[in-house]
């Protein structure tokens, strides 16, 4: 990364400490705002510390999910292809391995609408939790040059955390007794129940494990202030504390645990364990796709046909939400990392965030020389070197070329060494139970706005819940009844 030691950079610390790093992609473009099912949020990827024998992939979707939103809780959609993409080394960003996930409903057969004789729970219900309807999903693995293989079939999705009655009546977590206050007021949806939906992949779990369902949204940021044109606490006269807009909201999650021996290309664990190198480094990203054509039907039995078309993607935090201009975000979502240099190199090399900070008068108000600002606005090869792990964990550690097809928005994970952002993005390992391994907002703010010279922050430094210390890592979802948003009736 670029290193500067002038007094001007130190002056930046006070004014830019609360500038935004919109390091998550909640509702980051019109295309995803109108289609929550394909709206990716945060992508986490890391290897198990010490042993490096497992790769963890956690993807959030449809963020800002209100826990108490009612009968039809949002879910991972059954007409969307969800896909993890993996390539290796310092080669072109072509898929070497992909994991595809497809969801479907699994419930009772349709019943005659005129038949009123069915008992409760027979499928003819107003409240969806007691219809017997559940979601399941299949997981497919595809290696380059080979047909895809089904490695997980009809795996159950963990249901939403609706409330105490649902726990007892729909999920069978305890008897329901109307005279017992616990049946009305005490929820039984706990970590053990959620963990019961972890399922093996492949014969005897040889391909790893999977989990899907709803969790606490583990990202933290003062996003409300950011979108009031960088009106954060302590900036240009605004007073008041920073606020984590994601506190109290849930997110839909797909999580995989994959043996790294399945990803090296040799069938063996990562070579030269403990020493970084190109041959042990993966490049990872995630996409959502829909069928090309959809026919709407009056009875709701819509039909989607044609090839899959990519609708959205996610890898490093901040790229689409903080580097790519709004006019090009739809194009960005529909293209792949393979074409990022050809399509978007100017955005990486000339970060808009620096230009906007200059526009707001922050650099000028502090008397930062124009030469320093210009150096931060243009020719930012240091940003691309950070993405490529060129000098991480030491100078020359990796040698990915800054060239079309080789550099793009991917999370790189060197399987031979412990992960630490931007070498992966781990959830565990933070300095407190409610902090992820690195505050990615602060890290990216530091890189983009000061060239890595000084630490900068956004004013929100922890999640509203503690992360788990085991798979699937994100905390339990907030309960709809008592933890959903609302206000007591007067």
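Applying the set (1) modelled with pLDDT of 90 or more; (2) in contact with a helix residue (DSSP H, G or I) (Cβ under 8 Å, 6 or more places away or on another chain); (3) farther than 25 Å from residue 89 by Cβ; (4) assigned to a loop (DSSP other than H, G, I, E, B) to residue 409 leaves exactly one unmet item: (3). Taking the stretch 188-217 as the range and being more than 20 Å from residue 132 (Cβ to Cβ) and in a helix (DSSP H, G or I) as the test, the residues that pass are 191, 192, 194, 195, 203, 204, 205. Just give me the residues in the stretch 172-187 being crowded, with 17+ Cβ neighbours inside 10 Å and either touching a residue at least 24 places away in the same chain (Cβ under 8 Å) or not in a loop (DSSP other than H, G, I, E, B) (or both), in sequence order. Once the filter is applied, which keeps residues that are crowded, with 17+ Cβ neighbours inside 10 Å and either touching a residue at least 24 places away in the same chain (Cβ under 8 Å) or not in a loop (DSSP other than H, G, I, E, B) (or both), the stretch 172-187 yields 183, 187.
Remark: pairs (first residue in the stretch 65-94, free of Cβ contacts under 8 Å to residues at least 60 places away in the same chain; second residue surrounded by 20 or more Cβ atoms within 10 Å (Cβ to Cβ); Cβ separation under 6 Å; 6+ apart in sequence or on different chains) = 77/37; 78/103. Scanning the stretch 352-393 for residues that are over 30 Å from residue 336 (Cβ atoms) and either in a loop (DSSP other than H, G, I, E, B) or in contact with a strand residue (DSSP E or B) (Cβ under 8 Å, 6 or more places away or on another chain) (or both) returns 360, 361, 366, 367, 368, 369.
On the given criteria, is residue 247 under 24 Å from the mean Cα position of the chain (by Cα), modelled with pLDDT under 95, on the phi < 0 side of the Ramachandran plot and not in a loop (DSSP other than H, G, I, E, B)? Considered against the rule, which asks whether it is under 24 Å from the mean Cα position of the chain (by Cα), modelled with pLDDT under 95, on the phi < 0 side of the Ramachandran plot and not in a loop (DSSP other than H, G, I, E, B), residue 247 comes out as no. You will find that of 81, 19, 76, 55, the residue that is crowded, with 19+ Cβ neighbours inside 10 Å, at pLDDT 90 or above and in a loop (DSSP other than H, G, I, E, B) is 76 and no other. Close Cβ contacts (under 8 Å, 6 or more residues apart or on different chains) running from residues in the stretch 258-277 that are more than 16 Å from residue 89 (Cβ to Cβ) to residues that are modelled with pLDDT under 95 and surrounded by 13 or more Cβ atoms within 10 Å (Cβ to Cβ) comprise 261/269. The set of residues in the stretch 265-305 being closer than 21 Å to residue 142 by Cβ and modelled with pLDDT of 95 or more consists of 281, 282, 283, 284, 285, 286, 287, 288, 289, 290, 291, 292.
The values are calculated or read from the model by the stated rules, or taken from the named source; none is laboratory data. Everything numeric in this text was worked out from a predicted model, so none of it was measured. Glycine gets a Cβ as well: all are built from the backbone with ideal geometry, and neighbour counts include every protein chain shown.
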